[in-house]
Amino acid sequence: MKTCLVLYHSRGGNTLTTAEAIAQAARDHHYEATVKSIIEIQKADIDAADVLFIGTWVQGFILFGVKPADANLWVQSLPSLANKPTGIFCTYAFNPRGSLNKLASMLQEKGAAIVGRQAFNRNRLTEGSEAFVQRVLQAQTEITA
Ligand SMILES: Cc1cc2nc3c(=O)[nH]c(=O)nc-3n(C[C@H](O)[C@H](O)[C@H](O)COP(=O)(O)O)c2cc1C
C-alpha cells in the first residue's frame with residue numbers, strides 16, 4: 001500500500017480540519033494516510049512517504065503582504081523533502097494572495113517536487129479537497145511510473 005503523509009501548521013484548527021479531509025480523501029484512494037503537525041515531523045516519516053501534502057494558514061502583514069504563517073521558522077526545521085511529490089495547501093479568510101507561491105519556493109529549496117496546490121477558504125475548509133487529492137495522487141503515479 002502506498003503511503004501519504006499530510007503535514008500541517010495550524011493555530012486555530014482550520015488547517016488541521018483541511019489536513020484531515022485530505023488524508024481521508026487519500027484513504028479513499030487506498031493510500032495509507034497519516035496527519036502530523038510540522039513540529040513533530042522526523043526524517044523517517046518523510047522517507048517512508050510516497051507522497052506529501054504540506055499546508056499552513058496564511059497571515060497578513062501591513063507592509064509585507066500575505067505569507068504562509070511562520071514559514072520562515074518551520075520550513076527551515078523540516079528534514080530534506082527528498083524530491084517527494086508534494087501537494088501544498090493553505091487556509092485563509094479573505095485572500096491568500098501569493099502565499100502558495102511563497103510556500104512553493106521555500107519547500108522547493110528543501111527538495112520538494114511540487115505537483116499541486118490549493119487554497120481553502122476557512123468557511124469551506126474541505127470543499128475541493130477530493131479533487132485536489134486526486135490531481136496530486138495522479139501526478140505522483142505518473143512521476144513514479
Ligand atoms: C493574525 C492573523 C492574521 C491573518 N491574516 C490573514 C490575511 O492577511 N489574509 C487572509 O486571507 N486570512 C488571514 N487570516 C486568517 C487565517 O489565515 C485563517 O483563519 C486560517 O484558516 C487560520 O487557520 P488555523 O485555524 O489553522 O490557524 C489571519 C488570521 C490571523 C489569526
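Quick notes on this structure:
- Residues that are more than 12 Å from the ligand (Cβ to nearest atom) and either buried (at least 21 other Cβ atoms within 10 Å of the Cβ) or under 17 Å from E127 (Cβ atoms) (or both) within the stretch 1-30 comprise C4, L5, V6, L7, A21, I22, A23, Q24, A25, A26, D28, listed in sequence order.
- Screening the candidates I88, I54, I62 for the property of being surrounded by 21 or more Cβ atoms within 10 Å (Cβ to Cβ), over 18 Å from G13 (Cβ atoms) and within 16 Å of the ligand (Cβ to nearest atom) yields one hit, I88.
- Residue within the stretch 68-76 that is within 20 Å of T15 (Cα to Cα), not hydrophobic (A, V, I, L, M, F, W, C) and not in a helix (DSSP H, G or I) present: yes
- Pairing residues of the stretch 54-73 that are under 19 Å from I22 (Cα atoms) with residues that are in a loop (DSSP other than H, G, I, E, B) and near the ligand (Cβ under 9 Å from one of its atoms), at Cβ distances under 7 Å and at least 6 apart in sequence or on separate chains, gives T56/A69; W57/S10; W57/R11; W57/A69; V58/A69; V58/P96.
- In the stretch 87-114, the residues that are free of Cβ contacts under 8 Å to residues at least 40 places away in the same chain and not in a loop (DSSP other than H, G, I, E, B): I88, Y92, L100, N101, K102, A104, S105, M106, Q108, E109, A113, I114
- Set A48, A33: member being within 15 Å of the chain's Cα centre (by Cα) and within 17 Å of P85 (Cβ to Cβ): A33
- Summed over the stretch 35-51, residues that are among the basic types (K, R) and surrounded by 14 or more Cβ atoms within 10 Å (Cβ to Cβ) total 1.
- Whenever a residue of the stretch 116-138 is β-branched (V, I, T), its partners that are more than 16 Å from the ligand (Cβ to nearest atom) and assigned to a helix (DSSP H, G or I), lying with C-beta atoms within less than 6 angstrom and at least six residues away or across chains, give the pairs V133/A25; V133/A26.
- Among (1) more than 18 Å from S10 (Cα to Cα); (2) of a type outside the set (A, V, I, L, M); (3) away from the ligand (no atom under 11 Å from the Cβ), the one test that R97 misses: (3)
- For the stretch 27-66, filtering for residues that are assigned to a strand (DSSP E or B) and under 21 Å from F132 (Cβ atoms) leaves 15.
Taken together, the values in this text are just the output of simple stated rules run on the coordinates, not laboratory data. Keep in mind that this is a model prediction, so the values were computed, not measured. Quick reminder, even Gly has a Cβ in these numbers, built from the backbone with ideal geometry, and neighbours come from all protein chains shown.
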